[in-house]
Structures are given as C-alpha cells and as structure tokens.
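The values are calculated or read from the model by the stated rules, or taken from the named source; none is laboratory data. Please read all numbers here as calculations on a predicted model, not as lab measurements. Cβ placement follows ideal geometry from the backbone for every residue including glycine, while neighbour counts extend to all protein chains displayed.
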Amino acid sequence: MANSHSISHEELLERLGKVVQGRLLGAGDSAYEESRRVFNAMIERRPAAILVCSDAEDVARGVAAAREYGLPISMKGGGHSVAGNAVCEDGLMLDMSSMKRILVDPERNLAVAEAGVTLGEFDAATSTYGLATTLGVVSMTGIAGLTLGGGIGWLNGKHGLACDNVLSMSVVTADGQRRTVDAGQHEDLFWAMRGGGGNFGVVVSFTYRLHPVTTVLAGPISYPPEQAADALRLYHQVASTAPDSLTTAASVTRGADGKPAVSVVVCWSGPAEEGAEVLRPLREFGPPTEDAVALIPYRELQRMPDAGFPSGRLHYWKASFLADLQDEAIGTILRFAAAAPSPYTGIGLQQITGAASRVAPAATAFAHRARQYDFLILSQWEDAADSPANIRWTRELFDAMSPHFRGVYVNNLGDEGSDRVRDAYGSNYDRLAAVKTVYDPDNVFRLNQNIQPADGAGGA
Ligand SMILES: Cc1cc2nc3c(=O)[nH]c(=O)nc-3n(C[C@H](O)[C@H](O)[C@H](O)COP(=O)(O)OP(=O)(O)OC[C@H]3O[C@@H](n4cnc5c(N)ncnc54)[C@H](O)[C@@H]3O)c2cc1C
C-alpha cells in the first residue's frame, strides 16, 4: 500500500529497517495493532510505519527519515492524550514505550527517566528511596506528554508542577541534533518545553528534582447527595485557604440514585497533626458517607483512581481553568451531573495551588499561574452508539459553565480550533512562536496543540 507521499509503506519499512536498532512495525504486524492503540478508543489512526525506539539514535534516524520522505511524525509516550495526537495517520509514529530506563540519585535528589516511562513506573523507582516529584494522578499516564504540557498532581501545592521540577532534558530537535536543554544550555528551548507541549522536539529523557515524600495523609471523602451544594461550597473554602501542604481535587458524578454525588480527594504532605486540623472541617461536614482519609504511602495514593480509567473506553473531554466556585457554577455542575448520560463520567476540579500558583507566568511556558481549578468534564462510555448523547451533554455543560472560565490546560485540549490553542499558551504564545521559529521553522512537530512558527512557515 502506498501512502500519500512518494514512498510506499514497504519501501519505508525496508529503508528505515537498515538503520535503526529498534523494532519497525508495519500494518501486517500484530504488535502494530497494539502500538497504535491509545487510551481513548475514539482514536482510530493508522501510521504508515511505527518505530519502537530503543535509544536516542533511533529517534534521530526516525526524525531524519520522516523529513526525507515528507511524512507526518508523531510521538507516543504513555498514549494518554485524549486528543490522540500520539498517533498519526499515514506517517511515522515514534513509539517511545520501550525506553524505560530510570536512574535515581538519592544523594543529589535527582532522577533521570527515559520518555517511555509511566507515572507508576517513575513513582515505583523513586519511592524506594523515600523520594518523589509532582506528576499526575493516574499511574498509567506517560511522564513525557504530562511533563511537557505542565503536569498537575498531588504535590503541586508544595513542590510546583511537574515541569517546575525538570532540571534538564535530552532532546532530538527537528534538524536531527541531540541537545541537552537546561538552564545553561538552549535556555530558550528549556523555557518553551516546560509547558509548550510536544512542539519543539522529541524528548529522549528528563532529569527531575526529587523531594523527600514517604507517607501522606490522603484519600477520598464523600458527601450525602442532599448536601452536595454545601459540600462544594465548603470544599472551595478549604481549598482556597489551606497551606501549601494540601492539594485537593473534587469530583461530581451521577450517583446510583440519579442524584449528584460529590467527593473530595485530599493529599496532605506536611506534619500529620497539622493536616488533621486542616482537614477537620471537610471530615466533619455531612457527616460524610465515606471518609477513607488515612496516613498512606504516597505511591498508594498515586494508584488510587486507576480503576476509574480503564483503557478501551470512548472519551470526550472538555476543560478550562476556573478561578472561583460561586453558587451559580455549583448549581450548573450539580444540575448537569444528575443528567450525565454515562455512569462513568465525572466532572472534576483538580486544584493548582501553593508553589505551582506562585511561579511567575512568564518563568516557564506554562502561563496559568494562579490558585485555581483545572475544571474537567471527563465523559467516558463504552458503546459507540452512545457517542452523540455523551458529546452533546459535554458540550452543553461546557457552554453553560463558560462564563466562569479563563484559559485552558494544553494537555486537556481536544481538536478545538486555533483560538483555544492560543488560550492554552496564553500570554506566552508569541514568545513560544519565536522559539518554534528557531528550532522547528518547518513545523515538523505539528501533531500537537500547534504553535505556528512566527513567520507562518510550515503547517501543511
Ligand atoms: C486518565 C488520565 C488522567 C490524567 N491525569 C492527569 C493529571 O493528573 N495531571 C495532568 O497534568 N494531566 C493529566 N492527564 C492529561 C495528561 O497530562 C495528557 O494526556 C498527557 O498528554 C499524557 O502524556 P502521555 O505521554 O501519556 O501522552 P501521549 O498521548 O503519549 O502523548 C501526548 C503528546 O505528548 C507529546 N509527547 C509525547 N511523548 C513525547 C516525547 N518523547 N517528546 C516530545 N513530545 C512528546 C506529543 O505531542 C504527543 O502527541 C490525564 C490524562 C488521562 C487520560
């Protein structure tokens, strides 16, 4: 079969096969089917070839081949992007999932992790030494996509976002060069790749700063349906005033009784006695229908929501940042939750707080520095026949909430048009476009929330 470019799939596989170490997969290989699958079962794309990279050389050769043959190129880390940009149609996909080396240096509180590592794998390696850094909250997510977009997790109040804890990256840029990118080398790229997503090159490995984290006072608290509105009001009050050691998230679902069910998950990473006091109002209100807050290993918290996000379901997500949680917004959330078409769907408020909120908006490419919520409409369902109803409900809730929104987290964005992409990079967009022009003037890396090179070059 020929692709839309000047080389057939067979020829591409043959030529690339001669120069790479990693496995090359074409449509006939059984591993091809597995590799092209991503978390969101709505995504159905077929690359011309998949290169399962084994090292930086493979990455560089893959980038060079894609350029030579004029093929679109995509990179797959953990495959968790709901937008599905990890997989390209009729191009070359670089599957990083075999690159899983992790080196922890407990003396210097550092970890070097290759780009195919998942959050669970990273946490497993660092927790052996009683160390951790901020990542996300579902263990199957890839460190690569998450960190490049920002990375909001349970330690953000105390230690900042994932991208705030990156000290260095090893990157293959569009010209095929392997570069070390840090505060002293390619500083402009280092700035852009902490929030600018996969626009600037293929990351081979990240070096993260680690922090002593062993046990945390953490877990879910659920509230009676008839007190849902007051529970959200109290949640907002506690979340907006708590010390940096507390990071929280709330979720609202349709309960078995058809009423909105509110639960809050807390992570306190400071002294336990102080945490017990800070959490007291949340634990006494209601009283809760469930209170599973306990001193647990941090790694256990990191796996807690996994079961709610099995692979193979269909997903349609919409999100924006929400600075405040006023009564009108609470009313809208509860009204829509009660009418959610799928029992798996949740409305989430994931908090950005403390240290993450205080970084200057221009200090990294992640511009949205304020104490606020990442407001997420996480629609998931199993039967494709239910897609129209779930998508409609998601859009209607998003529209109803939109007066309260400002900006959006790039990692939650779907295919939503150029205005929303600009909203994602916010006040940093023009500077990002200038960096893109230097390192990727032909827009080789464009299967993402794309930053156009400043002169408008590339695209296609
Ligand atoms: C269930 C679930 C839970 C989530 N929870 C959180 C959370 O708690 N906090 C949070 O911040 N986000 C969260 N997210 C969003 C998550 O950050 C994004 O989906 C992110 O893109 C996932 O990274 P990945 O490597 O798994 O993605 P992939 O789908 O593999 O990649 C997404 C994009 O990242 C870029 N990319 C991937 N690998 C590389 C590389 N090696 N070099 C350069 N670019 C690369 C590419 O542009 C690619 O298209 C969650 C998503 C899901 C589905």
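Of the conditions (1) under 18 Å from Val262 (Cα atoms); (2) touching a His at 6+ places or on another chain (Cβ under 7 Å); (3) in a loop (DSSP other than H, G, I, E, B), Ala329 satisfies every one except a single condition; which number is it?
All conditions pass for Ala329, except number (3).
For the range 35-54, which residues satisfy the criterion of being within 13 Å of the ligand (Cβ to nearest atom) and not β-branched (Val, Ile, Thr)?
Listed by number, the residues that qualify are Ser35, Arg36, Arg37, Phe39, Asn40, Ala41, Met42, Arg45, Pro47, Leu51, Cys53.
Would you check if there is a residue in the range 44-55 being closer than 15 Å to Ala144 by Cα, more than 19 Å from the chain's Cα centre (by Cα), part of a helix (DSSP H, G or I) and of a type outside the set (Gly, Ala, Ser)?
Looking for residues that are closer than 15 Å to Ala144 by Cα, more than 19 Å from the chain's Cα centre (by Cα), part of a helix (DSSP H, G or I) and of a type outside the set (Gly, Ala, Ser), one finds none in the range 44-55, hence no.
Do we find that Thr180 is β-branched (Val, Ile, Thr), touching a residue at least 24 places away in the same chain (Cβ under 8 Å) and not assigned by TED's automatic domain parsing to the domain that holds Gly308 in this structure?
no
Can you name the residue in the range 25-43 that is among the aliphatic types (A, V, I, L, M) and surrounded by fewer than 21 Cβ atoms within 10 Å (Cβ to Cβ) and is also farthest from the chain's Cα centre (by Cα) among such residues? First the steps, then the outcome.
Pass one, the range 25-43, residues among the aliphatic types (A, V, I, L, M): 25, 27, 31, 38, 41-43.
Imposing the further condition that a residue be surrounded by fewer than 21 Cβ atoms within 10 Å (Cβ to Cβ) reduces the set to 27, 31, 41-43.
On the way: Ala27: 28, Ala31: 25, Ala41: 17, Met42: 18, Ile43: 17 Å.
That would be Ala27.
Search the range 402-423 for residues being touching a residue at least 40 places away in the same chain (Cβ under 8 Å) and among the hydrophobic types (A, V, I, L, M, F, W, C), and hand back the single one that is farthest from the ligand (Cβ to nearest atom).
By that ranking, first place goes to Phe405.
So, in the range 314-329, exactly how many residues are charged (D, E, K, R) and over 23 Å from the mean Cα position of the chain (by Cα)?
From the range 314-329, those charged (D, E, K, R) are 318, 324, 327-328; that's our starting set.
Restricting the remaining residues to those that are over 23 Å from the mean Cα position of the chain (by Cα) gives 327-328.
So the answer is 2.
Confirm whether Val104 is more than 9 Å from the ligand (Cβ to nearest atom), surrounded by 23 or more Cβ atoms within 10 Å (Cβ to Cβ) and over 12 Å from His211 (Cβ atoms).
Considered against the rule, which asks whether it is more than 9 Å from the ligand (Cβ to nearest atom), surrounded by 23 or more Cβ atoms within 10 Å (Cβ to Cβ) and over 12 Å from His211 (Cβ atoms), Val104 comes out as no.
From the residues in the range 128-176 that are free of Cβ contacts under 8 Å to residues at least 40 places away in the same chain and of a type in the set (S, T, N, Q), which one is farthest from the ligand (Cβ to nearest atom)?
Among those residues, the one meeting the criterion is Thr128.
State all residues of the range 107-127 that are part of a loop (DSSP other than H, G, I, E, B), within 11 Å of the ligand (Cβ to nearest atom) and closer than 19 Å to Leu167 by Cβ; if no residue qualifies, say none.
Ala115, Val117
Report the residue count in the range 76-101 for those that are more than 8 Å from the ligand (Cβ to nearest atom), outside any loop (DSSP other than H, G, I, E, B) and not charged (D, E, K, R).
Summing the residues that are more than 8 Å from the ligand (Cβ to nearest atom), outside any loop (DSSP other than H, G, I, E, B) and not charged (D, E, K, R) in the range 76-101 gives 2.
Listed residues Phe309, Phe285, Phe321; which is in contact (Cβ under 8 Å) with a residue 24 or more places away in the chain and within 23 Å of Phe405 (Cα to Cα)?
Step by step, each of Phe309, Phe285, Phe321 is checked, and only Phe321 is in contact (Cβ under 8 Å) with a residue 24 or more places away in the chain and within 23 Å of Phe405 (Cα to Cα).
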